[in-house]
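First the structure, in the form of structure tokens, and then the observations on it.
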Amino acid sequence: MILKWLDIIKFVNHGNPEPDRRENKSEQEWKQILTEEQFYITRKKGTERAHSSDMCNLFEPGKYACVCCHTLLFDNEEKFQSGTGWPSFTQPLKANAIAYHKDISFGMYRVEVTCNTCDAHLGHVFQDGPPPSGLRYCINAASMKKIKSEERKAIFGGGCFWCTEALFQQLKGVVKVESGYSGGLTINPTYKEVSSGRTGHAEVIEITYIPSEISYEDLLRIHLSTHNPTTLNKQGADRGTQYRSIIFYKTEEEKAAANKVIEEVQSHVDDKIVTEIAAYNQFYRAEEYHQNYYNKNPEGGYCLNVIDPKLKKFRDLFKEKLK
């Protein structure tokens, strides 16, 4: 679920989410580990000068952590150029990474954001961000440190996400696979809404992977080889646009790679591939009971009768790429 302004107001008025951990230090202890500027901003609620940091214009892959306690706060994928002079993000990395507080200083109403682990002042959140969340987390660069990361994300749809999740979890170089919805207009859709076929969303998986261990092109080849990319809005007994074959691209390079691999695979199949290639907009994580479904329910009827045969074929076909 993505956070929207109503969620922020609920946190302000009714209490913040429970953090994963807490870290408390005395003012003197913080002074010993922070620079003078970092201490002024994070512990004394200061604000750095606009356009004073190159961090506003850096969009290389990576994550941003609290400079005080090293809690991961934001992902570069949620960063955007706001033109305000401070690094801006549309969402936190986790809903409970940030705490929210009413700020009526300077004669105006604002919502202050702090690290939920150590209470470090980060900045403020506003309602003038891009869709679908409409949020802009306006953050002091000095309150964060950039964490380099090789991880990338790919989003594919190819029928029921219980199946596709179970397959891609087996691959070397894949860090995490989450089931969800993408491609439609409804914000924070439920499984019931998506199943109605009226949201425009497809059941998809978000694959977090390391390109030096498995390439995007190989993920595409595996995707197109583990479902039927020639049937329109249908995979086996599952019918509807929510089961369509789809590849979401985030860059022109990914789009070109998708077209290239489809052309490559097309030469090996008789029927025309109808897989949609679409620009990525937003991934909405599915309900918790859908996550890691096969591993949680190995004796379930669907797992035994549908996923197990697919897994056996998959393991035979891609045994050199398995963990």
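Read the figures in this text as sums done on the coordinates, not as results from a lab. Owing to the predicted nature of the structure, the values given are computational and were not obtained by experimental measurement. No Cβ is skipped: glycine too gets one built from the backbone with ideal geometry, and neighbour counts run over all protein chains shown.
With springs only between Cα atoms under 10 Å apart, run a GNM on the chain and tell me which of Lys25, Lys146, Lys102 wobbles the most.
Evaluated over the chain, the most mobile residue of the options is Lys25.
Taking amide hydrogens as modeled 1.01 Å from N in the peptide plane, which residues meet the under 5 Å criterion relative to Ile2, leaving out close sequence neighbours?
Asn188
Using the alpha-carbon centroid of each, what span in Å lies between segment 146-205 and segment 29-93?
Cα centroid of segment 146-205 versus Cα centroid of segment 29-93: 29 Å apart.
Run the dipole for segment 157-302 about the Cα centre, Lys and Arg Cβ at +1, Asp and Glu Cβ at -1, nothing else charged, and hand back the magnitude in debye, nearest 20. Before the final figure, lay out each step's value.
Details: 14 positive and 20 negative charges, 64 e Å.
Here the size comes out at about 300 debye.
Under 1.5 on a/c is rounded, so check that first for segment 137-215, then, if it is not, pick prolate when a/b is larger than b/c and oblate when it is not; a ≥ b ≥ c are the square roots of the alpha carbon gyration tensor eigenvalues.
Note, shape of segment 137-215 comes out oblate.
By the gyration tensor of its Cα atoms, with a ≥ b ≥ c the square roots of the eigenvalues, what is the shape of segment 152-308: rounded for a/c under 1.5, prolate for a/b over b/c, or oblate?
In terms of gyration-tensor shape, rounded.
Which of the GluC sites (Glu not before Pro) across segment 229-323 are loop residues per DSSP, with 15 or fewer other Cβ within 10 Å?
Working: sites: Glu252, Glu253, Glu254, Glu263, Glu264, Glu276, Glu287, Glu288, Glu299, Glu320; in loops: Glu287, Glu299.
Sparse-neighbourhood loop GluC sites (Glu not before Pro): Glu287, Glu299.
Gain in length, Leu304 to Lys323, computed as 0.36 nm per residue apart minus the alpha-carbon separation, to one decimal in nm?
On the way: separation 19, 0.36 × 19 = 6.84 nm, distance 2.16 nm.
Contour length minus Cα-Cα distance gives 4.7 nm.
In whole angstrom, note down how far apart the Cα centers of segment 101-125 and segment 246-308 are.
For segment 101-125 versus segment 246-308, the Cα centre distance is 40 Å.
Based on Cβ point charges of +1 for Lys and Arg and -1 for Asp and Glu, what charge dipole magnitude is obtained for the chain about its Cα centre, in debye rounded to the nearest 20? Write out the running numbers ahead of the final one.
Values: 42 positive and 43 negative charges, 74 e Å.
With only Lys, Arg, Asp and Glu charged at Cβ, the dipole is about 360 debye.
Which distance in nm do the two modelled labels at Asp316 and Lys255 give, with both placed 7 Å along the Cα-to-Cβ direction?
3.9 nm
P(r) of the chain in 20 Å steps, Cα pairs, percent per bin?
Over the chain, the share of Cα pairs per 20 Å bin runs 29, 51, 19, 1 percent.
Which percent, nearest 5, of DSSP beta bridges in the chain are antiparallel? Before the final figure, lay out each step's value.
Details: 48 of 52 bridges.
Of the beta bridges lying entirely in the chain, close to 90 percent run antiparallel.
Rounded, prolate or oblate: pick one for segment 265-323, where a ≥ b ≥ c are the square roots of the eigenvalues of its C-alpha gyration tensor, a/c under 1.5 means rounded, and failing that, prolate if a/b is larger than b/c, else oblate.
Numbers: a/c = 2.02, a/b = 1.17, b/c = 1.73.
The shape class here is oblate.
Taking N as the number of residues in segment 96-154, what is its Cα Rg relative to 2.2 N^0.38 Å?
Numbers: Rg = 13.7 Å, N = 59, 2.2 N^0.38 = 10.4 Å.
Segment 96-154 yields a ratio of 1.32.
From Cα pairs below 8 angstrom and at least 6 apart in sequence, can you work out the relative contact order of segment 111-245, rounded to a whole percent? Don't jump to the answer; show the numbers that get you there.
Values: 227 pairs, mean separation 31.9, N = 135.
About 24 percent, as a whole number.
What number, in percent, do you get for the relative contact order of segment 183-294 if the mean sequence gap of Cα pairs under 8 Å and at least 6 apart is divided by its residue count? Let's see the in-between values first.
Working: 119 pairs, mean separation 33.0, N = 112.
Relative contact order, segment 183-294: 30 percent.
Over the chain, with a Gaussian network built from C-alpha contacts below 10 Å, which listed residue (Ala50, Ala99, Ala258) shows the highest mean-square fluctuation?
Ala50
Give the residue from Val12, Leu93, Thr71 lying farthest towards the positive end of the charge dipole for segment 1-132; charges sit on Cβ (+1 for Lys and Arg, -1 for Asp and Glu) and the dipole is referred to the Cα centre.
Val12
What lysines could a cross-link reach from Lys102, if we take a straight Cα to Cα line under 23 Å and drop same-chain neighbours fewer than 8 places away?
Correct list for Lys102: Lys4, Lys10, Lys44, Lys45, Lys94.
Please compute the contact order of the chain in relative form: average sequence separation of alpha-carbon pairs under 8 Å and at least six residues apart, divided by the residue count, as a percent. Mind showing how you got there, number by number?
On the way: 614 pairs, mean separation 50.9, N = 323.
After rounding, I find 16 percent.
Say a site is exposed when it is one of the chymotrypsin sites (Phe, Trp or Tyr not before Pro), sits in a DSSP loop, and has at most 16 other Cβ atoms within 10 Å; what is then the longest site-free stretch of the chain?
Values: sites that count: Phe59, Tyr109.
In short, 110-323.
So which lysines pass the test for Lys260, namely a Cα distance under 27 Å, with those fewer than 8 places away in the same chain ruled out?
Output for Lys260: Lys153, Lys172, Lys176, Lys234, Lys250, Lys272, Lys310, Lys313, Lys319, Lys321, Lys323.
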